[in-house]
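Reviewing the structure listed below.
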Amino acid sequence: MAKKDIDWSKLGFAYQQTDKRFVSNFKDGKWDEGVLTEDANIVISECAGVLQYAQTVFEGLKAYTTVDGHIVTFRPDLNGERLEQSAARLEIPVYPKEKFVEAVVKTVEANIDYVPPYGTGATLYIRPFIFGSSPVIGVKPAEEYQFRIFTTPVGPYFKGGAKPITIRVSDYDRAAPHGTGHIKAGLNYAMSLYQIVDAHNQGFDENMYLDAATRTKVEETGGANFLFITKDGTVVTPKSDSILPSITRRSLMYVAEHYLGLKVEHREVPFEEVKDFAECGLCGTAAVISPVGKIVDHGKEICFPSGMDEMGPVIKKLYDTLTGIQMGRIEAPEGWIKVIK
């Protein structure tokens, strides 16, 4: 087999159908073994649990071609663990993480010719998800579920370099205390759509959400965790039970401490402290780190010393080191890289 005839340099971050996807069904109290299928369509009841009560959770990870030609994924076991936690919170039968990793590998292998070559900046995005498939009219969990994984080749998140973005402090709450902010549920992202569209209409790239209880502490953006650098080079990430435990954020904190020798702190971050940081970034699967140059709080601007032209020096080191690990240019910690081919 040969790579698909795709202009990898022109790929955006958008869906493009690939050859196969993995499908497993939960029925009569158990998951079946699952199959690979060419059918990209889903046929479900108009009364399916996912359509009536948003009973769905998902994950996102990537397959890469490394510098030595291997095709790998990055820490898929953690995605499997997080999907287990998300499913349990929404009363969805847990799909075991061991089977999850196996299914990811099978799906990537079946679409191996869509994995972009090394050096293109493009990757194969992998989207696992579970949803309630059986009819539910009363407010209760569905009885049957489907677990699926599809893939799609995507271009580099930053084309032409990672320019710092401008974000605003949102008037809306992303997640309630003791709610579902710590899991990767579709309903959390639906809640953020109005705000992200409005932010873009107002000329901002993203929203900063504060804690719903006091509106004094930094949480996340709705699609990424925050990462701050103090003036003395300490890496700080906000801590809250309402923040999604980003795999990228956890990996960056390890890299900061063990590869770069930096001090790290995972703690509550008062919004009042933000003006004192030297650098700011948003971290997640898609971009690894998006640098932030400015935060606007109802007309009041917080401009970081790192500026609006390029990544700050510490964030750049973090970005280069983690992407180096993912692409095989830097030796990875044990267990971080799952080799598929």
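The values are calculated or read from the model by the stated rules, or taken from the named source; none is laboratory data. Because the structure is a prediction, the values reported are computed rather than measured. Don't worry about glycine lacking a Cβ; one is built from the backbone with ideal geometry, like all the others, and counts go over all protein chains shown. Side chains are part of the model used for accessible areas, which takes the heavy atoms of the whole protein and leaves out ligands, DNA and RNA. Shrake-Rupley method; radii C 1.70, N 1.55, O 1.52, S 1.80 Å.
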Compute the label zone of Tyr254 within region 278-320: residues whose backbone N is under 18 Å from the point 7 Å along Cα-to-Cβ. 283-286, 288-289, 318-320
At Met308 and Arg127, where each label point lies 7 Å from the Cα along Cα→Cβ, what is the point-to-point distance in nanometres? 3.3
Considering only protein heavy atoms, with the full assembly of protein chains and a 1.4 angstrom probe, order Thr18, Thr230 by accessible area, largest first. Thr230, Thr18
Per the 1.4 Å probe, what fraction of the accessible area of the chain, in percent, lies on carbon and sulfur atoms? 51
Provide the FRET efficiency to the nearest 0.05 for the Asp171-Glu102 pair, computing r from the beta carbons and using R0 = 41 Å. 0.40
Which residues among region 202-237 fall inside the zone where the amide N is under 17 Å from a point 7 Å beyond the Cα of Lys163, along Cα→Cβ? 202-206
Let me check something: with ligands and nucleic acids excluded, how do Lys3, Lys239, Lys294 order by accessible area (1.4 Å probe), largest to smallest? Lys239, Lys3, Lys294
Projected onto the charge dipole of the chain (+1 at Lys/Arg Cβ, -1 at Asp/Glu Cβ, origin at the Cα centre), which of Gly324, Gln195, Pro96 gives the Cα projection farthest towards the positive end? Gly324
Is any helix in the chain, taking whole DSSP H runs, at least 15 angstrom long along its axis by alpha carbon and on average at least -0.5 on the Kyte-Doolittle scale, and which ones? 97-110, 186-201, 247-258, 313-326
Per residue, in Å², the accessible surface of region 158-255 once ligands and nucleic acids are set aside, probe 1.4 Å: 42
Of the options Ala142, Ile130, Asn79, report the single residue whose Cα projects farthest towards the positive end of the charge dipole of region 63-156 (beta-carbon charges: Lys, Arg +1; Asp, Glu -1). Ala142
Number of Lys pairs in region 198-341 with C-alpha atoms less than 23 angstrom apart, excluding same-chain neighbours closer than eight positions? 27
Just how far, in whole angstrom, is region 221-295 from region 147-180 if you go by their alpha carbon centroids? 14
Computed label-point distance, nm, for sites Thr216 and Arg329 using a 7 Å Cα→Cβ extension: 4.4
In deg cm²/dmol, rounded to 500, what helix-only [θ] at 222 nm does the chain give when every DSSP H run of at least 4 residues adds -39500 (n - 2.57) and the total is split over its residues? -7000 deg cm²/dmol
From highest to lowest solvent-accessible area (probe 1.4 Å; ligands, DNA and RNA excluded), His70, His200 read His200, His70
So with the 1.4 Å probe, I'd like the accessible area per residue for region 264-331, rounded to whole Å². 45
With unit charges on the beta carbons (Lys and Arg positive, Asp and Glu negative) and the dipole taken about the Cα centre of the chain, which residue among Thr37, Ala213, Pro270 sits farthest to the positive side? Thr37
At a threshold of 8 angstrom on Cα-Cα distance, excluding pairs fewer than six apart, so keeping six or more, what relative contact order does the chain reach in percent? 19
Obtain the nm distance between the two label points defined at Leu187 and Lys263 by a simple spin-label model: each point lies 7 Å from its Cα along the Cα-to-C-beta direction. 4.1
